[in-house]
1. Treating only the Cβ atoms of Lys and Arg (+1) and Asp and Glu (-1) as charged, compute the dipole magnitude of the chain about its Cα centre; round to the nearest 20 debye.
2. Assuming R0 = 41 Å, can you tell me the calculated FRET efficiency for the pair L139 and A605, based on Cβ-Cβ distance, to the nearest 0.05?
3. If you consider only alpha-carbon coordinates, what radius of gyration and Dmax does region 399-463 have, in Å?
4. Which value in Å does the Kirkwood hydrodynamic radius of region 468-617 take, with 1/r averaged over all unlike C-alpha pairs and then inverted?
5. If packing is taken as the average count of other Cβ atoms within 10 Å, what order do 196-203, 555-562 fall into, highest mean first?
6. Taking all protein chains together and a probe of 1.4 Å, list Y335, Y265, Y576 from the most accessible to the least accessible.
7. With the other protein chains left in place, how much accessible area per residue, in square angstrom, belongs to region 348-395 at a 1.4 angstrom probe?
8. With a point put 7 Å past each Cα toward its Cβ, work out how far Y472 is from N32 in nm, to one decimal.
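The values are calculated or read from the model by the stated rules, or taken from the named source; none is laboratory data. These numbers come from a predicted model, not from an experiment. Cβ coordinates were reconstructed from backbone atoms using ideal geometry, including for glycine residues, and neighbour counts include every protein chain displayed. Areas reflect the complete protein model, heavy atoms only, side chains present, ligands, DNA and RNA absent. Shrake-Rupley method; radii C 1.70, N 1.55, O 1.52, S 1.80 Å.
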Amino acid sequence: ERLRYTLVLLLLLHCTDSFYVPGVAPINFHRNDPVEIKAVKLTSSRTQLPYEYYSLPFCQPTKITYKAENLGEVLRGDRIVNTPFQVSMNMEKKCEVLCNFPNKPVTLTVEQSKLIAERIREDYYVHLIADNLPVATRLEFYSNREEEEKKKEKDVQFEHGYRLGFMDGNKFYLHNHLSFILYYHREDVEENQEHTYRVVRFEVIPQSIKLEDLKADEKSMCTLPEATGSAPQEIDPSKENQLLFTYSVHWEESDIKWASRWDTYLTMSDVQIHWFSIINSVVVVFFLSGILSMIIIRTLRKDIANYNKEDDIEDTMEESGWKLVHGDVFRPPQYPMILSSLLGSGIQLFCMILIVIFVAMLGMLSPSSRGALMTTACFLFMFMGVFGGFFAGRLYRTLKGHRWKKGAFCTATLYPGVVFGICFVLNCFIWGKHSSGAVPFPTMVALLCMWFGISLPLVYLGYYFGFRKQPYDNPVRTNQIPRQIPEQRWYMNKFVGILMAGILPFGAMFIELFFIFSAIWENQFYYLFGFLFLVFIILVVSCSQISIVMVYFQLCAEDYRWWWRTFLVSGGSAFYVLIYAVFYFVNKLDIVEFIPSLLYFGYTALMVLSFWLLTGTIGFYAAYMFVRKIYAAVKID
């Protein structure tokens, strides 16, 4: 019996040892096996418009085949396609002509020359992949160290992709020779078995070499000139240009294991991770949160003790305070359907973001599985419609709403409709530029089908059960005649409240915001999901506390119209995100044209709207729980 259990345990251990996240299992190559090099797209942080590889007159294979892509890849503008580069595992190539025979160079027409010159001026990068590893350009430089240390070591960083070309004065030069450096890791195999290899790094050194300096023979082999004596390949946009596309392949053995081959790419950015800054913001937020909690708890205890003194009831009633508005505090607000719909969308976003960050933190949505993060986010948002509908329906019933079908439709279409509308308008502009970033029409139809075929029915389902459920139990009755609201001080103004309430949550997350913006707008990889999860938790805590403090002050000022105000004020940090986005655009990005600027601010508007819904919802539910708790704790005659 024991032997059987031991065997089962060993079998399970063997199974877990061979587990890989789907789609990212390693590929073993034997010597001389073909390693396919594919092209992904061309990108530029100056225009924010990706283009597919063959939008420029590069050498083409005999048959162009595009890889089937997931939703995330399509939305990112990736168009993965085969290339004519012939690379074999652990086989060197000194120099080879890519297409056309040496005696018949590639001739670029005036239009093609103009297009290449324009792309070089716009600072475009070319992105290739080998065995799903993106190509990187090595940058070596000396850091600000002492003079003696400078001679010893250089700092090495990697740039994502390689530059299409460069400018010198008003002249354009194209990188027409690519020196590929591929690193392999030799796998341990049993005796008498052939060695297997795994690709662990893919680098390129792009060079610009004039046609006359490339000495090529009849077999398409070529000889590179000396580095000092060669002239670069100029592209003159006013006439036809002749050139050769060439490449060389060099293999090196590496100690890097397959599992850690992405580490190089994830430390690409020249920004040192601000560990100190992130920890500092965490400490500050917890410190402020602690102080706020202590003050509010002590004040509340004192209030409740005073209100509940039987013998001083007459005196208390003459004083001002939050107990005086007990007959109006749960009076339903204006537009309860819109409020519950927005909060339903907020719940949907909250559930989606929480699950995505948590799953990504476990390493299941790493950059190696392309487009997985965006695909997961889209599908999760659709499926979280059940929870959004349930919470919206229950709140709508609590606010004395009756038209549940209209409310459910409003919840399912209000926020997604705004998002779809903005994206569609931006997409028309991208289409006009013939960019691969434009979402194809079939994908748009598929997204609409997901919205009306998955999300809408699920929201209706959740709304139906939420509306049928018992409404939230309010501890005090609402008076028939509304109480008059006294004149409010200037600092109780809605906009002052938004400015005050947004500082703390924004302060907790603005360091992380820098990395997120770099990932979106500067083609960096974002991978700090552990930190992001921590920051998200802090954001939830700080939004809840600020919201409770603001609603407490409002009720003390005898203003019982807190429903909408709490929702608006809790999302105050979205205003600071908008200001930060403008600052980032002016200081960090080099965007000058109209359409790239429109794209930046269009997508930023969507981010700010989503962030406002998220933080507003967190704050609203925290405030609602708080208000119900404090009014349940006092005795009302």
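1. The calculated dipole for the chain is roughly 2580 debye.
2. 0.75
3. 15.2, 51
4. 17.7
5. Going from most to least packed, we get 196-203, 555-562.
6. Putting Y335, Y265, Y576 in descending order of accessible area: Y335, Y576, Y265.
7. 39
8. A separation of 7.3 nm, rounded to one decimal place.
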